[in-house]
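The values are calculated or read from the model by the stated rules, or taken from the named source; none is laboratory data. This is a predicted model, so every value here is computed, not measured. All Cβ positions, even for glycine, are placed from backbone atoms using ideal geometry, and neighbour counts span all protein chains on display. To get the accessible areas, we keep the full protein, side chains included, count just its heavy atoms, and leave off ligands, DNA and RNA. Shrake-Rupley method; radii C 1.70, N 1.55, O 1.52, S 1.80 Å.
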Amino acid sequence: MNITFGAGPNPGPPLAGATTNYQFVATDCPNDGYYAVRNQTSDCFGFTWFSLYADHTGDPNGYFMLVNASYQPSDFYVSTVNGLCPGTVFQFAAWIINMNLPHICNDTAIKPNLTFRIETTTGDLLGSYNSGDIPSTFMPVWKEYGFFFQTPPGVSSVVIRMTNNAPGGCGNDLALDDITFRPCGPDIGVSINGQPGDTANICYGKNNSYLLNSMIASGGYANPAYQWQLSTDNGTTWADINNATDSIYSRPQSPAGNYLYRVTAAERDNINNPICRVDSKVIGIYVNPLPQINLQNNAIVCGNDSIILTVNGAQTYNWTGPDNFTSADSTIDIPNPPISYSGEYYVTATTAKGCTSSDSTNIFVYPAAFANAGSDVTICEGTSTELTGAGGVSYSWSPTTGLSSPASSTTSASPSDTTAYILTITDSNGCKANDTVNVNILKKPVADAGPDKTIFEGQPVTLTATAAGTSVYYSWSPMYNINDPSLLQPTVSPAQDTTYTLTVSSSVGCGTATDQVFVRVFQKVIIPNAFSPNGDGINDTWNIQKLDTYPEADLYVYNRFGQAVFHSKGYNKPWDGTINGKHLPLGTYYYLIDLKNGLPKLSGWVVILY
């Protein structure tokens, strides 16, 4: 029997089945002579009490009785307990905590001092116990206080009386929880027939009945009665077993699971009252399931593949098979198995508890397939070659790029780049194999003579040609006015407009390619820096040589004030030093010539002399 004060939200209700000389309050921190029912309390009286956030079992919703002692010693809890067993020894106990922190009241706090009395309903004392001063602690510590007493024959109700003997004042505050009455009796020995300990681990489907024995110690009940109990939730709840009322219980066969047993005993007149019984220790029968084997395989295997066997559901495995095959692995991978590995494979699976199951599977091994894609071949870009495969009844080439018949044994291949073709064959047994053939592509020559060039007569220029192809060499024509006609980017200095031809040739027989570049050669303009238009027939005009070869040229002459004194489009007639038919005075003049060919403008000075 257990008085727990219940559970719920704060505040808890007043005591219902008990009486007290204290008054109930719904607040968190009762004053002297008051009590409260709480599931937690905190920050009381300037933090001189402990803060509690659960009852003594750790339940945050569980109620406990919170007591602030009165100034005079008095009963703070009185209750009648019914339903006890007559003529039976009981253990009474209650959980108490001193709520006061050690440092309060200048270390002179009054300590609770409790007396517990068990009386008959007519006032006869059956037993008592004094706790002495309950010390304060640095942390809140619940402590159990109790004693033994015996109910008289025919008496099933008693009164419990709790008295605080200490006077009130500074200190003397406590919390009360979980009042228990436990029947006491003789030791009851239990055993599993044939097992040395208190447990038996067995496998489902094996002999899992077992005989359970019990024996009451000497000096026990005058007329004992028995009741065997079973728990299937690891001892959380127990249930009486129908008709299991002898000292010996023959356990029936059962499915896999954990079965806990105990025997309860009492005087025969009290056996039907569960609180009058005494429990034996617990014994366990653990019926372990057999491993549920999940065996998988690839059944039909080709000699160039692998036998794959997988199994799970246990801890260890033992394989046997054809050709003296053995293994202890959960996954078996046998690459390139011979035909002798055809046959039945057996596995025995064992759990950690030693329970076993067996299974088997059949494997058939075909001879290995063989594929032949032929020898590697090298061809020029833009040409084709024939690929021929062997070894199967069906064929598949990949990638299919550049192939004429990728699903035939023979196919024409004309890839644009070097390609590794994989041939997959399937033989008459459905076995597959692969082989690879490389078609190497020799790139055909590519010529690019580069952009056209423009130079003045006598200037060199480098031809910025590019080329591509496998194993190529170069030649230029014509071969004159060129530093090395075998270079890809030679330097040329033609005296006149010239078209050069680049020939790129393959040294591995993949042909040639040509391209041309035009070099425009402008005549070098010779500009005198003086002339004398005095009519003596010598240097009478400003004769600019080769300027007449630039019909689009613009010529301007400026005096020292920046005024234009002469302009000519082209230069078919040399300048005679006049403007509007009148001779210009002696002096220095400045010219600017734009040849209109994309080359830089020419500038300088010329002197007119007389």
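Residues in segment 5-15: is at least one within 18 Å of Ile134 (Cα to Cα) and either in contact (Cβ under 8 Å) with a residue 60 or more places away in the chain or among the acidic types (Asp, Glu) (or both)? Checking segment 5-15: not a single residue is within 18 Å of Ile134 (Cα to Cα) and either in contact (Cβ under 8 Å) with a residue 60 or more places away in the chain or among the acidic types (Asp, Glu) (or both). The strands (runs of 3 or more DSSP E) found wholly in segment 392-452 and carrying at least 1 residues that are surrounded by 16 or more Cβ atoms within 10 Å (Cβ to Cβ) and of a type in the set (Gly, Ala, Ser) occupy 394-398, 410-413, 432-442, 446-448. Being among the polar types (S, T, N, Q), within 22 Å of Ile275 (Cβ to Cβ) and part of a strand (DSSP E or B) is a property that Thr115 lacks.
Taking only segment 380-416 into account, find how many residues are of a type in the set (Val, Ile, Thr) and closer than 20 Å to Val508 by Cα.
2
Could you please let me know if Pro551 is in a loop (DSSP other than H, G, I, E, B), open to solvent by less than 20 Å² (accessible area, probe 1.4 Å) and either on the phi > 0 side of the Ramachandran plot or out of contact with any Leu (no Cβ under 7 Å at 6 or more places or on another chain) (or both)? Give the derivation first.
Details: in a loop (DSSP other than H, G, I, E, B): yes; open to solvent by less than 20 Å² (accessible area, probe 1.4 Å): no; either on the phi > 0 side of the Ramachandran plot or out of contact with any Leu (no Cβ under 7 Å at 6 or more places or on another chain) (or both): yes.
Considered against the rule, which asks whether it is in a loop (DSSP other than H, G, I, E, B), open to solvent by less than 20 Å² (accessible area, probe 1.4 Å) and either on the phi > 0 side of the Ramachandran plot or out of contact with any Leu (no Cβ under 7 Å at 6 or more places or on another chain) (or both), Pro551 comes out as no.
The set of residues in segment 30-66 being within 44 Å of the chain's Cα centre (by Cα), among the hydroxyl-bearing types (Ser, Thr, Tyr) and open to solvent by 50 Å² or more (accessible area, probe 1.4 Å) consists of Tyr53, Thr57. On the stretch given as segment 321-369, residues that are touching a residue at least 40 places away in the same chain (Cβ under 8 Å), in a loop (DSSP other than H, G, I, E, B) and open to solvent by 70 Å² or more (accessible area, probe 1.4 Å) total 1. For segment 554-607, filtered to residues that are closer than 27 Å to Thr454 by Cβ, among the hydroxyl-bearing types (Ser, Thr, Tyr) and part of a strand (DSSP E or B), the residue that is nearest to the chain's Cα centre (by Cα) is Ser603. Inside segment 276-292, residues that are open to solvent by 10 Å² or more (accessible area, probe 1.4 Å), touching a strand residue (DSSP E or B) at 6+ places or on another chain (Cβ under 6 Å) and either without any contact (Cβ under 8 Å) to a residue 40 or more places away in the chain or closer than 16 Å to Gln253 by Cα (or both) make up a count of 3.
Would you point out which residue out of Gly537, Gly469 is over 30 Å from Ser603 (Cα atoms) and either surrounded by 13 or more Cβ atoms within 10 Å (Cβ to Cβ) or not hydrophobic (A, V, I, L, M, F, W, C) (or both)? Lay out the reasoning, then the answer.
Details: Gly537 fails: over 30 Å from Ser603 (Cα atoms).
Unique residue meeting the criteria: Gly469.
Could you run through segment 4-29 and say how many residues are at pLDDT 90 or above and open to solvent by 20 Å² or more (accessible area, probe 1.4 Å)? Lay out the reasoning, then the answer.
First pass over segment 4-29, keeping only residues at pLDDT 90 or above: 4-15, 22-29.
Pick out the ones that are also open to solvent by 20 Å² or more (accessible area, probe 1.4 Å) and you get 4-7, 9-11, 13-15, 23-29.
Adding up the residues that qualify gives 17.
The single condition among (1) free of Cβ contacts under 8 Å to residues at least 60 places away in the same chain; (2) touching a strand residue (DSSP E or B) at 6+ places or on another chain (Cβ under 6 Å) that Thr383 does not satisfy is (2).
Residues are listed down the side, and each one gets a yes or a no for (1) at pLDDT 95 or above; (2) among the aromatic types (Phe, Trp, Tyr):
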position: Tyr145; (1), (2): yes, yes
position: Val158; (1), (2): yes, no
position: Cys170; (1), (2): no, no
position: Ile192; (1), (2): no, no
position: Pro196; (1), (2): no, no
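Would you confirm whether or not segment 556-577 contains a residue that is without any contact (Cβ under 8 Å) to a residue 60 or more places away in the chain, touching an Asp or Glu at 6+ places or on another chain (Cβ under 9 Å), open to solvent by 60 Å² or more (accessible area, probe 1.4 Å) and polar (S, T, N, Q)? For segment 556-577, residues without any contact (Cβ under 8 Å) to a residue 60 or more places away in the chain, touching an Asp or Glu at 6+ places or on another chain (Cβ under 9 Å), open to solvent by 60 Å² or more (accessible area, probe 1.4 Å) and polar (S, T, N, Q): present.
I'd like to check something: does segment 500-518 contain any residue that is in contact (Cβ under 8 Å) with a residue 24 or more places away in the chain, over 60 Å from the mean Cα position of the chain (by Cα) and in a loop (DSSP other than H, G, I, E, B)?
No.
From the list Gly169, Gly132, the one residue that fits, being at positive phi and not in a strand (DSSP E or B), is Gly169. For beta carbons closer than 7 Å, sequence separation of 6+ or different chains, a first residue in segment 116-127 that is within 19 Å of Ser74 (Cα to Cα) and of a type in the set (Asp, Glu) and a second that is open to solvent by less than 80 Å² (accessible area, probe 1.4 Å) and assigned to a strand (DSSP E or B), the qualifying pairs are Glu119/Leu126; Glu119/Val158; Glu119/Val159; Glu119/Arg161.
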